[in-house]
Amino acid sequence: MESWLIILFVIIPLFTAFLIPLGGKLLPWFGRTAVSGIMLFLVALAVHIILRMPGTVVYMAGGWEPVEGIPVAIYLVLDGLSLFLLLIINLLGFLSAFYAISYMRRYTGEKYFYTLMCLMIAGMNGVVLAGDLFNLYVFLEISVISSYALVAFGVEKTELEASYKYQVLGGLASLLVLFGIIMIYWQTKTLNIADISMIMQGSGQDPFNIFIQLILIAGFGIKAALIPFHAWLPDAHSSAPSPISAMLSGVLIKAVGVYVIIRLLFNMFPPDNSVAVVFTTIGALSMIIGVILAIGQWDLKRLLAYHSISQMGYVVTGIGMGMILLARGGENPAAALAIGGGLFHMINHAVFKGLLFLNAGAIEYAAGTRDMTKMGGLARYMPVTLSSSFSASMAISGIPPFNGFFSKLIIIIAAVQGGFYLLAVLAVIAGIITLASFMKFQRYAFYNKPEPDSPAREVPVVMRASMISLAVLCLLLSLLVFPGIRQVLLDPAVNVLVESTEYARLVLNL
Amino acid sequence: MWGMSVIVKKITQLMCALIFVYGIYIITHGHLTPGGGFAGGALVAGAFILLILANGSEYVRLKKQEEGSSMMESAALIAALVLASSGLIAGSMVFFNNFLPAGIPGQLASGGVIPFFNIFIGIKVAAALLTIFLALVIYREDISK
Amino acid sequence: MTLFIMCFLLFLTGIYGVLTRRNLIKVVISLTIMEFSLFLMLAMIGYISGGEAPILAGTIIPAAPVVDPLPQAMVLTAIVIALATNAMLLTIAIRLYKKYGTFDIREINELKG
């Protein structure tokens with residue numbers, strides 16, 4: 001495969017982002033069409049690369065070859081895991097941008113919205129492709145700073161307050177990440193992930209290493225809103241415009257939080273049991289406490305935001321169990337199953353949580369409220385929203401034909417196989433409470449007594465098209481459990497994590 | 001926004017030219033001496049900011065200036081990106097390709113494309129800092145109204 | 001070593017400020033103090049006493065040990081990022097002031113639960 005195709009994932013959104021303020025001056029429709037167009041192109045590019053099954057591809061910006069085996073260039077690395085994340089980011093980015101064509105008409109300064117959205121996508125694509133910590137930090141900041149601005153896009157009291165809170169906590173997280181990076185540089189005198197990995201494997205595990213890993217878990221844990229660090233998420237995700245809530249919950253916390261942390265813990269540091277136990281504990285806490293906090297919410301988008309914490313808990317628990325098993329050595333089938341379940345749940349969560357936030361946006365668009373006590377009887381007016389939100393609710397609660405069932409099942413089976421019986425029980429309990437809270441959503445929003453003179457109408461066709469595509473994806477992703485399709489998309493990603501020391505060897509081409 | 005006294009106005013007028021020229025020097029010598037696009041751009045923006053602070057400006061004019069500097073910023077970044085991806089377009093498939101001759105180290109015309117990046121980044125940073133300043137001033141005017 | 005400890009003290013000062021100040025602008029200042037303590041630390045890690053500038057032109061090989069340019073580049077980039085974050089925070093703070101008429105955190109509490 002031509003390795004230069006990788007760089008397009010960063011250049012094209014960045015270029016479009018700065019073309020929109022210029023082009024939007026002349027043509028008012030430039031922003032919306034350009035963003036949807038480029039996102040569609042990037043999805044096609046990602047699918048094209050997946051079908052070619054390239055393995056690990058390395059691109060060195062500037063054409064600087066390694067000098068005496070020491071990498072000097074800016075490395076962009078594309079492997080199974082990055083490709084998996086790239087597909088999620090660009091797919092959800094495309095559908096959100098398409099949905100925003102109708103939704104964002106009500107806001108002023110529409111072109112700035114598209115500029116910021118492009119910057120956010122460029123940053124996230126950069127994060128998943130970056131092969132060194134320097135660029136990882138820069139791209140991470142690009143995406144989170146644009147997300148700060150997007151959260152405050154409505155410039156009302158609540159939006160501004162949520163954005164301020166998000167920025168202070170996000171700033172703390174960035175400082176912790178920077179602190180961790182400084183410590184790594186101090187120890188190894190390099191910032192290339194593959195190079196660091198080679199040095200760390202030589203030196204083995206020492207307390208300083210574990211200290212760095214805990215700092216990084218705290219830093220990226222704030223970005224991913226895992227439970228002790230979750231305070232900003234419900235405010236920020238419920239205040240943003242709905243397409244952006246879908247992007248934030250569906251993609252951002254995965255790309256800049258969970259993806260980075262698993263990449264660093266698996267592929268950079270040598271596997272360590274105590275860190276893995278901490279990571280899994282945080283995941284299990286998020287899973288159960290997130291859902292308990294969610295069930296009492298009456299604001300629709302706040303409820304969904306709390307569920308994001310809980311569902312990311314599933315992902316982290318699954319991957320963390322795999323990490324514990326890998327650190328103990330042996331028992332590889334259960335480890336691969338747990339990691340596969342976690343990654344499978346990651347793509348599923350992106351799809352159904354994105355869809356649920358788009359549904360929430362549609363309800364807000366039509367009924368003018370986010371308070372579930374003031375809704376009711378929307379089933380009569382909004383059949384498409386009803387059916388798509390029903391499929392998403394069933395998917396998130398884990399009802400059989402939908403994708404959420406299979407990923408949760410895999411995580412639970414892996415927990416039982418690996419001997420984590422408590423985690424299996426907790427996962428089941430969290431699933432049941434999730435089902436309860438989504439039945440509450442369905443009942444209060446769609447089936448309660450109808451308001452006699454409700455202003456609600458079905459939303460425009462563009463918004464419906466996005467929601468229907470995501471609802472179909474909720475069903476189609478179930479096919480990932482079958483071997484043929486799994487080998488194309490999921491297995492390469494799992495292999496990157498299971499064979500954790502291979503990464504450095506493949507990137508440095510030793 | 002009101003201006004300041006005549007003494008301040010006159011002195012800033014004299015100073016700003018010097019600051020501006022120094023900023024340009026830092027930008028164009030970025031590949032030879034410490035500094036470069038960011039430091040020089042900050043100096044150039046500082047010259048503009050001093051002028052606006054000393055002379056004052058009307059609300060409508062501030063808005064117009066902000067729009068202009070924001071456009072300038074986007075244009076400069078696009079220019080830098082096009083320059084960076086010219087390798088991709090020309091067919092060598094290297095992002096940030098340094099296709100110009102490197103020249104003799106220490107001379108002004110050396111370093112291939114690096115001076116051009118410095119210039120674009122200098123414009124970009126100057127425009128960005130000016131935009132930030134103007135945006136904050138405009139909010140302040142909004143509040144005091 | 002003393003310098004590193006002083007950096008750490010600066011970092012702690014910043015954390016203290018973020019946790020205890022009630023004023024939006026003072027929180028921003030505290031965050032900036034934390035940022036700058038980290039930049040200082042990174043610059044100090046990259047410092048080699050008696051090191052040469054890392055210019056390797058053709059056949060000229062510097063006699064003294066060469067300083068690694070990576071931490072310096074990283075500090076500069078981080079400063080630019082800190083600038084963007086601060087501009088963003090101050091903009092939001094001014095907007096909040098416009099809505100509430102105060103910078104006091106205790107009076108800005110629309111979001112709960």
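The values are calculated or read from the model by the stated rules, or taken from the named source; none is laboratory data. Every value quoted in this text rests on a predicted model; they were computed, and no experiment measured them. All Cβ positions, even for glycine, are placed from backbone atoms using ideal geometry, and neighbour counts span all protein chains on display. Side chains included, ligands, DNA and RNA excluded: accessible areas come from the protein's heavy atoms. Shrake-Rupley method; radii C 1.70, N 1.55, O 1.52, S 1.80 Å.
Here are some notes:
- Hey, A:PRO460 over 30 Å from A:ALA194 (Cα atoms) and modelled with pLDDT under 85 or not: no
- Of the residues A:PHE134, A:PHE94, A:PHE139, the single one that is open to solvent by 10 Å² or more (accessible area, probe 1.4 Å) and more than 30 Å from A:LYS301 (Cβ to Cβ) is A:PHE134.
- When A:ASN403 is tested against (1) farther than 22 Å from A:SER238 by Cβ; (2) open to solvent by 20 Å² or more (accessible area, probe 1.4 Å); (3) of a type in the set (S, T, N, Q), just one condition goes unmet, and that condition is (2).
- Checking region A:163-178 against the condition returns no match, with no residue being more than 10 Å from every other protein chain (Cβ to nearest Cβ), under 16 Å from the mean Cα position of the chain (by Cα) and of a type outside the set (D, E, K, R).
- The set of residues in region A:267-323 being open to solvent by 10 Å² or more (accessible area, probe 1.4 Å) and not in a helix (DSSP H, G or I) consists of A:PRO270, A:PRO271, A:ASP272, A:GLY296, A:GLN297, A:TRP298, A:ASP299.
- For A:VAL47, the criteria (1) surrounded by 17 or more Cβ atoms within 10 Å (Cβ to Cβ); (2) at pLDDT 90 or above hold in every case but one, which is (1).
- Long-range neighbours under 6 Å by Cβ, at least six apart or interchain, first residue touching a residue at least 60 places away in the same chain (Cβ under 8 Å) and away from chain A (no Cβ under 11 Å) within region B:54-80, second among the small types (Gly, Ala, Ser) and buried (at least 17 other Cβ atoms within 10 Å of the Cβ): B:SER69/B:ALA127
- Summed over region A:128-162, residues that are facing another protein chain (nearest Cβ under 7 Å) and either part of a helix (DSSP H, G or I) or among the hydroxyl-bearing types (Ser, Thr, Tyr) (or both) total 12.
- Looking across B:ILE89, B:ILE143, B:ILE138, B:ILE114, one residue alone is facing another protein chain (nearest Cβ under 8 Å) and aliphatic (A, V, I, L, M). It is B:ILE143.
- Selection over region A:183-200 of residues that are part of a loop (DSSP other than H, G, I, E, B) and hydrophobic (A, V, I, L, M, F, W, C) gives a count of 1.
- Considered as a group, the residues in region A:224-238 that are within 14 Å of another protein chain (Cβ to nearest Cβ) and open to solvent by 10 Å² or more (accessible area, probe 1.4 Å) include one that is farthest from A:VAL351 (Cα to Cα), and that residue is A:ALA231.
- Note on region A:411-425: among residues that are open to solvent by less than 40 Å² (accessible area, probe 1.4 Å) and assigned to a helix (DSSP H, G or I), the one that is farthest from A:VAL291 (Cα to Cα) is A:GLY418.
- Residue list for region A:8-32, filter: modelled with pLDDT under 90, more than 9 Å from chain B (Cβ to nearest Cβ) and part of a helix (DSSP H, G or I): A:GLY23, A:GLY24, A:LEU26, A:PHE30, A:GLY31, A:ARG32
- Applying the set (1) closer than 23 Å to A:SER388 by Cβ; (2) open to solvent by 10 Å² or more (accessible area, probe 1.4 Å); (3) not hydroxyl-bearing (Ser, Thr, Tyr) to A:LEU326 leaves exactly one unmet item: (1).
- Hits in region B:94-108 - residues which are within 16 Å of A:GLY62 (Cβ to Cβ) and either more than 10 Å from every other protein chain (Cβ to nearest Cβ) or open to solvent by 60 Å² or more (accessible area, probe 1.4 Å) (or both): B:PHE96, B:ASN98, B:PHE99, B:LEU100, B:ALA102
- Subset of region B:87-98 [more than 20 Å from B:HIS31 (Cα to Cα) and among the polar types (S, T, N, Q)]: B:SER92
- Selection status of A:ALA366, over 24 Å from A:LEU91 (Cβ atoms) and part of a helix (DSSP H, G or I): yes
- Selection of region B:13-53 for residues being open to solvent by 60 Å² or more (accessible area, probe 1.4 Å), within 11 Å of B:ILE119 (Cβ to Cβ) and within 12 Å of chain C (Cβ to nearest Cβ) yields an empty set.
- Residues of region C:22-57 that turn out to be in contact (Cβ under 8 Å) with a residue 12 or more places away in the chain and within 30 Å of C:ARG95 (Cα to Cα), as a count: 17
- The one condition from (1) touching a helix residue (DSSP H, G or I) at 6+ places or on another chain (Cβ under 7 Å); (2) open to solvent by 10 Å² or more (accessible area, probe 1.4 Å) that A:GLY126 does not meet is (2).
- Among the residues listed as A:ILE215, A:ILE244, the single one being open to solvent by 10 Å² or more (accessible area, probe 1.4 Å) and among the β-branched types (Val, Ile, Thr): A:ILE215
- Out of C:ILE48, C:ILE81, C:ILE92, C:ILE60, sole residue that is within 14 Å of chain B (Cβ to nearest Cβ) and at pLDDT below 85: C:ILE60
- On inspection, A:PHE113 fails the criterion of being open to solvent by 10 Å² or more (accessible area, probe 1.4 Å) and in a helix (DSSP H, G or I).
- Among the conditions (1) under 28 Å from A:VAL151 (Cα atoms); (2) open to solvent by less than 20 Å² (accessible area, probe 1.4 Å); (3) of a type outside the set (D, E, K, R); (4) away from chain B (no Cβ under 14 Å), the only one that C:ILE33 does not satisfy is (2).
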